[in-house]
Amino acid sequence: MSQSAFSDWPIISVQKRGVKLVKLNKIYTRTGDDGSTGLADGSRIGKECFRVRAYGEVDEANSALGIARLYVDNIELDRMLERIQNDLFDLGADLSTPTLDDDSKALRVVQSQIDRLESELDHLNKDIAPLKTFVLPGGSKPAAYLHLARAITRRAEREIVHMSRTEQLNPLALKYTNRLSDFLFVAARWCNAQGETDVKWIPGKNRI
C-alpha cells in the first residue's frame with residue numbers, strides 16, 4: 001500500500017464530529033503488482049491514469065514542502081506550511097475519491113481552505129516590493145525548496161486540469177492548487193529577505 005497513491009484506502013468521510021481517520025494495518029498488499037491501484041471508493045484503475053498521476057504529483061509537492069520546512073526558521077511561516085501539508089493530504093483524498101451518490105460524505109477541499117490560503121498569501125506579500133522582472137529559483141535554501149514545491153504544484157495543476165477533461169472533479173480542488181502555487185512563489189520571495197535577495201532574471205544576459 002503506497003501512501004502517495006492513497007491506494008486501497010477506505011472512503012475518507014466526514015463525520016458529524018470530525019473526520020474519520022484512516023487506519024493502516026499493513027504497508028504492502030500486493031494488489032498493485034499488476035499496475036493497478038485502488039481508489040477511495042474501492043474501484044481500481046491503472047496507475048498511469050490522470051487521476052492517479054494528479055494525486056501523485058500532489059504528494060510530491062507535499063514532500064518538497066517537508067524539505068523546505070527544514071530550512072524555514074520563522075515559526076509563523078512554518079505553521080502556514082504545516083497547515084498546507086495537511087491540506088495537501090485532504091486534496092489527495094479528494095482527488096482519489098470519484099464522485100459518490102452521496103458526495104456530502106466524501107472529504108473534499110472546501111472554500112474556507114482557499115480563503116485561509118489567500119489571507120496568508122496577502123499577509124506575506126504586503127511587505128514585499130513589487131516585481132520589476134522575473135526571479136530565478138534560489139537566493140536561500142528555504143526559497144529554493146519553496147520554488148521547487150511551486151514548480152511541482154504547477155505540474156500537479158496541469159494533471160488535475162487534464163483529469164477534469166474526462167472526469168468529474170471538485171472545482172475547489174483545482175482552485176486550491178492554483179492558489180497554492182501563488183502562495184509558494186510569495187513565500188519563497190518572503191524567505192529572501194522580503195524579496196531583497198531575490199535572484200533577478202536578466203533577459204539575454206549570456207547571449208553572445
Original post:
In this model, which of K141/K205; K175/K200; K126/K200 are farther than 22 Å apart at the alpha-carbon?
Top reply: K141/K205; K175/K200
Subject >> By average C-beta atoms within 10 angstrom, highest first, the peptides 122-135, 152-165 >> reply: 152-165, 122-135
Subject >> Surface/4 estimate of mean projected area, convex hull on alpha-carbon atoms of segment 48-200, nm² >> reply: 9.0
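Values in this text are rule-based calculations from the coordinates and carry no lab data. Just so it is clear, the model here is predicted, and its values are computed rather than measured. Ideal geometry is used to build each Cβ from the backbone, glycine not excepted, and the neighbour counts take in all protein chains shown.
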